[in-house]
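The values are calculated or read from the model by the stated rules, or taken from the named source; none is laboratory data. Every value quoted in this text rests on a predicted model; they were computed, and no experiment measured them. Methodologically, a virtual Cβ is constructed for each residue, glycine included, from the backbone with ideal geometry; neighbour enumeration extends over all protein chains shown. Just so you know, the surface numbers come from the protein's heavy atoms only, side chains and all, with ligands and any DNA or RNA stripped out. Shrake-Rupley method; radii C 1.70, N 1.55, O 1.52, S 1.80 Å.
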Amino acid sequence: MNILLTSTARRIDFVEFFQDALKNAGIDGKIITADPEYNAPSLQAGDENYVIPEQTDTNYMDAIIEICKKHHVNCLVPLNDWEVPKISAQKEELDKLGVSVFAPDSNIVEKVRDKGKYWDLLEPLDVKTPLSYLNVESAKKALEKKEVSFPLIVKPRNGSASIGIEIIDNVEDMVFAYQHAVRKIKESQLDGATSKEPEDNIIIQEVIEGDKFSVDMFNDLNGRFLTSFARKQLDMRGGDIDRCITVNIPELTDIAEQLGKRFGHAGYMNTDIYFNGTAYYVIDINPRFGGGYAFTHLAGADIPAAIIALTAGKEVQEDWLHQKSDIELARHDTVVSINKQKMMQVLEK
């Protein structure tokens, strides 16, 4: 079985999780990594490694499909927000090649990537999301009516990696933050990730103060909910969890199961949920395998093993779907030597 992990970047741990899962299953195969950066650390860890175009490049999917054909890839797992819309749009073609794609369909990706749609998406489930406004004028009117109060947060509707996010506490700063977010969108890959103009791709929300949780939902290839995991965030770095504690809180489990069943997506999705002491609020939904899973893996779960079993049409073991609770974990950095010879081999492929 050959598995393609895309946008692997620094995630050597994910590469190793899948390599171990293949070995433990007694299945011959390769873990293939692909990333736009030639010196991405993960490209030193895969069994086959490819430098591919940026996700915004028109040749991006051509490169993915070429790798799938060359290596008879059985399974594709995307690891980055930017690429999921393109991969989802090509699921039918990939399926014809015999590739099981662990990513949601395009209609789900479109909904969860747009924070401006969360109210309509979550309200039928009685799941809360912050009060939201799509422009400065509507936010001003809400403030005048005392519907909402400062502080507010200004950010892109389809944001990623904390790009263009500002917390503000007065109208003057809100106008500045809105303009700043527009500039950040124009300067980043966010500008090509939606058909909206940058000025229409901003959302202004109430700030939810309290405990912050990263919550995952995992479905099988037919969209059947299998499990969820939650971690209480202790520290963040670059939009990703740096330190956390694994938790099994019934309210979070219930929200995750509702979302997993409602979306009926294939594979892994991640959401940020905040607790203000009274209620839980869904802040963000990411349609991909989140980096926070690494903590859950060390706490006993094994979703790579489940993905391999699902791809092979085998039974998923129950113990793969559970993490130990109250395990405190922290991320750390290691240094990887960029093998010049291996790098050239990657670039020549």
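So here's what we get for this one:
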read-out	value
Residue in the range 254-272 that is farther than 25 Å from residue 85 by Cβ and of a type in the set (A, V, I, L, M) present	no
In the range 185-238, the residues that are at pLDDT 95 or above, polar (S, T, N, Q) and part of a loop (DSSP other than H, G, I, E, B)	222
Spans of strands (runs of 3 or more DSSP E) in the range 23-128 with at least 1 residues surrounded by fewer than 20 Cβ atoms within 10 Å (Cβ to Cβ), of a type in the set (Lys, Arg) and at negative phi	30-35
Neighbours by Cβ (under 7 Å, 6+ apart or cross-chain): first from the range 219-236, under 17 Å from residue 101 (Cα atoms); second of a type in the set (Phe, Trp, Tyr) and crowded, with 17+ Cβ neighbours inside 10 Å	219/225; 226/218
Residues being among the aliphatic types (A, V, I, L, M) and free of Cβ contacts under 8 Å to residues at least 24 places away in the same chain - total across the range 122-149	1
Test set (1) open to solvent by less than 10 Å² (accessible area, probe 1.4 Å); (2) assigned to a loop (DSSP other than H, G, I, E, B); (3) modelled with pLDDT of 95 or more - residue 289 fails condition number	(3)
Which listed residue, of 27, 32, is out of contact with any Asp or Glu (no Cβ under 9 Å at 6 or more places or on another chain) and within 19 Å of residue 303 (Cβ to Cβ)	27
